[in-house]
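In what follows, a single structure is set out as structure tokens and then discussed.
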Amino acid sequence: MKNLSSKLNRITEIEDLRRVAARKIPRMFYDYVDSGSWTETTYRNNESDFDRIKLRQRVLVNMEGRSLATKMIGESVNMPVAIAPTGFTGMMWADGEIHAARAAEKFGVPFSLSTMSICSIEDVASHTSAPFWFQLYVMRDKAFMSNLIRRAKEANCSALILTADLQVLGQRHKDIKNGLSAPPKPTLANILNLMTKPQWCLNMLGTKRRSFGNIVGHAQDVEDISSLSAWTAEQFDPALSWDDVARIKDEWGGKIIIKGIMEPEDAILAARSGADALVVSNHGGRQLDGAPSSIAALSDIVQAVRAESSEIEIWLDSGIRSGQDVLKAMALGATGTMIGRAFLYGLGAYGEDGVRRALELIYKECDVSMAFCGHTDITQVTDDILVKGTYEYLKSGRPDLAPMRW
């Protein structure tokens, strides 16, 4: 324990966690996390566009009594960050969703569970006390969908996240080349790679959760891993529309979040749908390669939605690797953010302790940077903390047009 504490104390940024995770996680699962679709242009721009935005430093401002506390869909949070729903989380670390949910609960931020999680809704509910959010992928099997919603209600999930940008699957070249599956396919290359990851293998031997817990044994004719692959390949529903959103909202009957919004027109439709929050997200650059970064899409969406006088919350996902990224998103009009890779790196590196460390780093960076910008309340931050000319160009989606003023 002392040795682990010493290691964690030397972790000073999310990039440190990424490097450790890259050593510990089998290649196929690490590549699943740390890659995008096609040429990965959007995946890279999600991070680089944040870097181009510069902060204005203020001095001789009273920095006492700072607070990152706020609310997300009415729930009190210690900072405006929620853990995003991610598939295969339990393959980054054995029982990964349980570990991540525990870390989020202890830190005071929301946890979201994916339909494509390794641990089931019931697994997470039985190992946590705080309500969590459940993310719904819409499948063709309507009976299975209704059953998922019922199970989320019974687990006391406090919100449903409807992912709107996965009607078809983006082509992710590394996943194809690695033959990604859960559990791993026993190819020679995968076996040789697994032999270099002893801690991961030992952890996995100690758990029974190695498949998609929300699907196997719940979907019709999916009783084991051998029948899962064919079922999932056929199930994502390309016919998903706004009419389905209304139906799902009525069936759920609680708070709903729509994730995957990248254009003002869709943001307005999300606001009119009665959703409680929308998430500006390009799925971490894993769907439409060549789309703008999420931070580039944010300002126009905020402007369009607020012109509607809508009370819907606007969150940002994709590309956040630091507390400064959170601060910049809030300055450009977001009311909350979600992190995916940032917590997955921590999970893959050190399990629950790694997720906690990732949250600590983001909190500290956001808190200190906010102070340097002359603010003490995250809810009062506006674009006056940003250097003019370093962020307006993002609206055009053309990073190459940015004036080089720094």
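The values are calculated or read from the model by the stated rules, or taken from the named source; none is laboratory data. Because the structure is a prediction, the values reported are computed rather than measured. Cβ atoms come from the backbone with ideal geometry, glycine included; neighbour counts cover every protein chain shown. Remember, those area values only see protein heavy atoms, side chains included, never the ligands or the DNA or RNA. Shrake-Rupley method; radii C 1.70, N 1.55, O 1.52, S 1.80 Å.
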Original post:
Given the C-alpha centroids of the stretch 39-79 and the stretch 243-286, what is the distance between them in whole angstrom?
Top reply: 23
**OP:** Pull up all non-local amide H partners of residue 313: gap of 5 or more, or a different chain, and H-to-H distance under 5 Å with H placed in the peptide plane.
**Re:** 277, 278
Subject >> Percent breakdown of C-alpha pair distances by 5 Å bin, ordered from the shortest bin, for the stretch 152-210 >> reply: 3, 13, 14, 16, 14, 14, 15, 9, 2
Subject >> Local electrostatic count at residue 197 - Lys and Arg +1, Asp and Glu -1, tallied over other residues with Cβ under 11 Å >> reply: +3
Original post:
Counting only protein heavy atoms, what percent of the accessible surface of the chain is carbon or sulfur at a 1.4 Å probe?
Top reply: 52
Original post:
Is the shape of the stretch 38-113 rounded, prolate or oblate, going by the alpha carbon gyration tensor and its root eigenvalues a ≥ b ≥ c, with a/c under 1.5 for rounded and a/b larger than b/c for prolate?
Top reply: oblate
Original post:
For the stretch 69-142, what does the equivalent ellipsoid look like in terms of its semi-axes, each the square root of 5 times an eigenvalue of the Cα gyration tensor, given largest first in whole Å?
Top reply: 21, 15, 10
Original post:
In units of 2.2 N^0.38 Å, what is the alpha-carbon radius of gyration of the stretch 26-184?
Top reply: 1.23
**OP:** Send over the per residue convex hull volume for the stretch 1-81, Cα only, as a whole number of Å³.
**Re:** 221
**OP:** Please work out the FRET efficiency for the pair residue 130 and residue 196, using the Cβ-Cβ distance as r and a Förster radius of 51 Å; give the result to the nearest 0.05.
**Re:** 0.90
Original post:
Applying the Karplus parametrisation 6.51 cos²θ - 1.76 cosθ + 1.60 with θ = phi - 60° to the phi angles of the stretch 85-90, what ³J(HN,Hα) value in whole Hz is obtained for each residue in order, glycine and proline being reported as x?
Top reply: x, 9, x, 6, 4, x
Subject >> Cα convex hull volume per residue for the chain (Å³) >> reply: 142
**OP:** Mind telling me which of 194, 162, 17 comes out most flexible in a GNM of the chain, alpha-carbon contacts under 10 Å?
**Re:** 194
Original post:
With Cβ to Cβ distances under 12 Å as the rule, what net charge do the other residues near residue 36 carry (K, R +1; D, E -1)?
Top reply: -1
Subject >> Exposure of residue 43 as accessible area (Å², to 10), given a probe of 1.4 Å and all protein chains >> reply: 20
Original post:
Label points 7 Å out from Cα along the Cβ direction at residue 71 and residue 392: separation in nm?
Top reply: 3.5
Original post:
If you find the alpha carbon centre of the stretch 5-23 and of the stretch 339-398, how far apart are they in angstrom?
Top reply: 18
Original post:
In nanometres, what is the gap between the two model label sites at residue 221 and residue 364, each 7 Å from Cα along Cα-to-Cβ?
Top reply: 5.3
Subject >> Cα-based shape type of the stretch 276-316, given that a ≥ b ≥ c are square roots of the gyration tensor eigenvalues and the cut on a/c is 1.5 >> reply: prolate
**OP:** For a quick protection proxy, order the peptides 303-309, 92-98 by their average other-Cβ count within 10 Å, most packed first.
**Re:** 92-98, 303-309
Subject >> Per residue accessible area of the stretch 10-102, 1.4 Å probe, in Å² >> reply: 42
**OP:** For the stretch 1-156, compute the number of Lys pairs whose alpha carbons are separated by less than 29 Å, excluding pairs fewer than 8 positions apart on the same chain.
**Re:** 10
**OP:** Please state, to two decimals, what the Cα-based radius of gyration of the stretch 119-179 comes to when divided by 2.2 N^0.38 Å (N = residues).
**Re:** 1.37
Subject >> Stokes-Einstein D in µm²/s, Kirkwood radius over Cα pairs - the stretch 214-329 at 25 °C with 0.890 mPa s viscosity >> reply: 151
Subject >> Tail fraction, Cα-Cα pairs, the stretch 268-406, threshold 24 Å, whole percent >> reply: 36
**OP:** Pull up the cross-link candidates among the aspartates and glutamates for residue 255, meaning alpha carbon to alpha carbon under 14 Å and not fewer than 8 places away within one chain.
**Re:** 75, 276, 311, 313
Subject >> the stretch 63-104: proportion of alpha-carbon pairs further apart than 16 angstrom, % >> reply: 51
Original post:
Ignoring ligands and nucleic acids, what accessible area does residue 122 show with a 1.4 Å probe (Å², nearest 10)?
Top reply: 80
